[in-house]
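Notes follow once the structure below has been shown.
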Amino acid sequence: MKYNLIIADDDADFGHKAKTAFYDALNGINRPKVILPTGNTPAPFYKDLRESGDCPSFTYIALDEYTGLMEDDKRLFKKWLAQEILDPLEIKVRWTFNSAANPACEIEKMRALFFKNGHADVAILGIGENGHVGFNEPGSPFNESVRHVRLTEETRKANMAYWGEQYGVMPTHALTLGIADLIESKKTILLARGAAKAEILQRALHGEITTDVPASYLQRQENVTIVADRAAAQLLPH
Ligand code: GLP
């Protein structure tokens, strides 16, 4: 598989290199549409973007969102991203999911936006330790678009760590862009930090292309850039 590998020395370097890769990806695109992930991985990247103050404007496309939460719940991914990056950068156009609404309607809404405006120009993604992207867990078909999915216990546990138990029971379901939507993205930047991601990153990029490892769809994508710290990149050939 051909991909551009960018290795970072520490968190600050990771943030800076991810931002540079993002700006390169945006270069020359008029009114770009961008998928952004939540999670711990992108934190240094968002910090660098906030502090640089020269980020071009873009349309934000939600990658995923828990369902069944009230619209004022602190755990909503759209609130997380609003706080961390979208409000500071004054990104106004946001394609998000309404967690409290009927998921079937939300799926239709997002599909209609893609149909009318086209897919993402740049997808920025993280990777779960089981190879998930967004909330496309192992077994997710590569040809499915926006979906309502049940979260695995592993993912619920990993997500619990973001919030702590005082926020109540973790949602059991979520909306996610499907792999078919991610495939339509013109460019992809996959972010990975920490030794816990090393093995799955290697499997996703160099192992069998299989729905058991959702991120392995990337092996068939053009224009893929991996930004990883040394710990996450340790099993990759470079
Ligand atoms: C979460 C999110 C993904 C994210 C991944 C990795 O469950 N739904 O979008 O990329 O898991 O998270 P982290 O960066 O915290 O390791």
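Kindly evaluate Leu113 against the criterion of being more than 13 Å from the ligand (Cβ to nearest atom), of a type in the set (A, V, I, L, M), surrounded by fewer than 21 Cβ atoms within 10 Å (Cβ to Cβ) and under 17 Å from Thr38 (Cα atoms).
Working: more than 13 Å from the ligand (Cβ to nearest atom): yes; of a type in the set (A, V, I, L, M): yes; surrounded by fewer than 21 Cβ atoms within 10 Å (Cβ to Cβ): yes; under 17 Å from Thr38 (Cα atoms): no.
It is false that Leu113 is more than 13 Å from the ligand (Cβ to nearest atom), of a type in the set (A, V, I, L, M), surrounded by fewer than 21 Cβ atoms within 10 Å (Cβ to Cβ) and under 17 Å from Thr38 (Cα atoms).
Taking the range 45-89 as the region of interest, how many residues are in contact with a His (Cβ under 8 Å, 6 or more places away or on another chain) and within 14 Å of the ligand (Cβ to nearest atom)?
Here the count works out to 2.
Among the numbered criteria (1) modelled with pLDDT of 95 or more; (2) more than 30 Å from Asp54 (Cα to Cα); (3) of a type outside the set (D, E, K, R), which one does Tyr167 miss?
Status for Tyr167: all satisfied but (1).
Looking at the range 92-99, is at least one residue on the phi > 0 side of the Ramachandran plot, assigned to a loop (DSSP other than H, G, I, E, B) and at pLDDT 95 or above? Working first, answer last.
First, pick out the residues of the range 92-99 that are on the phi > 0 side of the Ramachandran plot: none.
No, the range 92-99 has no match at all.
Go through (1) away from the ligand (no atom under 11 Å from the Cβ); (2) out of contact with any His (no Cβ under 7 Å at 6 or more places or on another chain) one by one and return the number of the condition Ile127 breaks.
In the conditions (1) away from the ligand (no atom under 11 Å from the Cβ); (2) out of contact with any His (no Cβ under 7 Å at 6 or more places or on another chain), Ile127 misses (1) alone.
Is at least one residue of the range 2-25 at pLDDT below 95, surrounded by fewer than 21 Cβ atoms within 10 Å (Cβ to Cβ) and on the phi < 0 side of the Ramachandran plot? Before you say what the answer is, go through the steps one by one.
In the first step, residues of the range 2-25 are kept if they are at pLDDT below 95; the result is 2.
The next check asks that each one be surrounded by fewer than 21 Cβ atoms within 10 Å (Cβ to Cβ); those that pass are 2.
Okay, now just the ones that are also on the phi < 0 side of the Ramachandran plot, so 2.
So far as the range 2-25 goes, yes, one or more of its residues are at pLDDT below 95, surrounded by fewer than 21 Cβ atoms within 10 Å (Cβ to Cβ) and on the phi < 0 side of the Ramachandran plot.
The values are calculated or read from the model by the stated rules, or taken from the named source; none is laboratory data. Keep in mind it's a predicted model, so treat the numbers as computed, not measured. With ideal geometry, Cβ positions are generated from the backbone for all residues, glycine too; neighbour counts draw on all protein chains shown.
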